[in-house]
Every structure is written in C-alpha cells, then in structure tokens.
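What follows draws every value from the coordinates through simple rules; no lab data is involved. Given the structure is predicted, the values throughout are model-derived calculations rather than measurements. Here the Cβ is made from the backbone with ideal geometry for all residues, glycine too, and neighbour counts use every protein chain on show.
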Amino acid sequence: MPKRVIKVAVGAAVAVSLAMAFWFEPENLTVTRLDVQTPDWPSTTAPIRVVLLSDFHIGGLHMPIGRVRKIADQVKRLHPDLVLLGGDYIGADALRRGDERLRRNRSDDALELDGIKALGALEAPLGVVAVMGNHDCYWDCQGVKDALSKTHIRLLQNDSLQLKRKGGDIWIEGIEDGQTQHPDFPRAAAKVPANVAALTLVHNPGLFDWSSNTSDLQLSGHTHAGQVRLPLIGAPVRMSRHTEDTAKGWTIINQRILIVTRGLGESGLPVRLNAPPQIMVLTIHPGSVAAVAGRPDEWIH
C-alpha cells in the first residue's frame, strides 16, 4: 500500500477520533440500566428504582444551563422513585482549581450557580438527595451549598436520611468529599438502625476502601471512567484506584457493591472518548448474594 494512502487513512482516523472526542460523544447521552442485588437488605424490601447522576461540571463547553434542563427532562421520562446526585456540579476548568482570586474575578460565576439551581428541575416521588464533590469546594464550597439550598434538593453532609415508603423504608447515608472536606462514616451511620435497607452516597469511590466505611452498597462518581479510554490500555488518566475495575459501572469486593457512574460533564479538557456521558438507572433489591447485571447502553441524541 502506498505511503500516501496510509498517511491519508491515518489522518482520517485521527480526524474522526478528534471529532468524536471533542464534540459527538460529549454532546450525547447514554442511559445505563443496572439490576443490583444486595444480601444486606431485608428480604421484605420492595425493589427501588434509583437514577444516579454525577459530575455535571456546569459551565463547561458541553454543559450550559439548557443541557442541565434537558437532562432533567430525560430523567423524568425514566420515572425513578429516587434521584441521587454524586457531586461535582460545577468547576469544569482545572486551570482555575483552588484559585479563589481567579474565581472571584470571573464574570460567569452567577451563570454556573444558576446552573446548580436548574438541578431543581429534577423530580422523583422520594425526592432528590445530593452530596458534595471535590470540584464544588475547589470552586466555592459554601456558594454551591447556598445554591442547592434554594432548591428542593436535600444535601447530606456526613448525615443520613430515612425515606419512608410502603415497600419498606430506605436509608441514605451521605458522606462529605474526601479531598476537600472531612468524611465521617460513623457519624453518618449513627442514626441508621441495624438490619435496614441502606446505601451510601459519596463522590469519590476511593472511600469505599476506608476501614471506617462498613457500607455494603456505595454509589459514587468522580472517575468519569477516565474520560478518555483507549483500546488495550483503558484510561491513561485515572482519578481513583477504582477507575478501571468500575469502568463497566460496578465492582463487587467481598460481597460489597461499589457502583460508579461515568458522570455527565468533563473536567479539564472538554473531551470524552469511549466514556460517554451517563444517566445511570439502578433497580436495587434484596437477594441471597451480591450481584449486578447490566444492559447495553441506550444512546440518546
């Protein structure tokens, strides 16, 4: 094959990959449905349908306020019993991370905080429950909390919440971020009775390994599944030791289940490749062993 033909073919492949990474994939959505069976829940507990969303990174190239509202509309069509938010609502640009002076001088802070308020369009019969992420506090921890307080979203900070329902109550333990706050698993679990259906919501899946974390079902975000995934090697950039073992959406370790969503926005460069934005739908129910089964992603254009 002539060298010129090879160069043209390689160039075309690179161009297509760039278009996919910088535009097509970040601008689209996938719905991932998982069936989650946990032996930790009482056998009398009825299944619950949970939508897990994380890592919006509002204000990024692909996450204007209008897209937040579009995602909220899509979630309504999925008819969840409960919506859980895993943090990193803003803070898309890594170059501004931790620099309060740059943050204060930016003219679009109000736009991004309004984007957080737009999360108030999310609805479910059992409510919407959230925890903070690291980028939220790199940006403005109190500002994000204040914006969430202007919605019906319930923010948990090392605390628990009992959700009452006819099919058996569900307890949510919400943990502070491990990089920017002070996670306290015992404090969050203190009010939770023994032998009840409970799950833990925490931004960073790395906290699954903490000795103080005794939860048998944890839901997280943070990793973006690497945001860019390459054949054979997976993610060149890994934000947690659980980036790879949860790339499919979950891992099970010693009968403990860790669910991790790829999230919706981007951090740093506005690219995604082989790790598309994700709305995760979980049907959680009791069972004899810990098990998770997934279906192929559904693309929403």
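Structure notes:
- Under 12 Å, Cβ to Cβ, from L78 - net charge with Lys/Arg +1 and Asp/Glu -1: 0
- Dividing the summed -39500 (n - 2.57) terms of all DSSP H runs of n ≥ 4 by the residue count of the chain sets its mean residue ellipticity at 222 nm at -7000 deg cm²/dmol.
- Convex hull (Cα only) mean projected area of the chain, reported in nm² to one decimal: 17.0 nm²
- Helix axis angle, 3-19 relative to the chain longest principal axis, alpha carbon, degrees: 40 degrees
- Within the shell defined by Cβ-Cβ distances under 14 Å, the residues around S240 carry a net charge of -3, with Lys and Arg each +1 and Asp and Glu each -1.
- Mean separation of Cα contacts under 8 Å, 6 or more apart, over the residue count of the chain: relative contact order %: 31 percent
- Hits among aspartates and glutamates - C-alpha to C-alpha of K164 under 20 Å, sequence gap 8 or more where chains match: D40, D81, E123, E173
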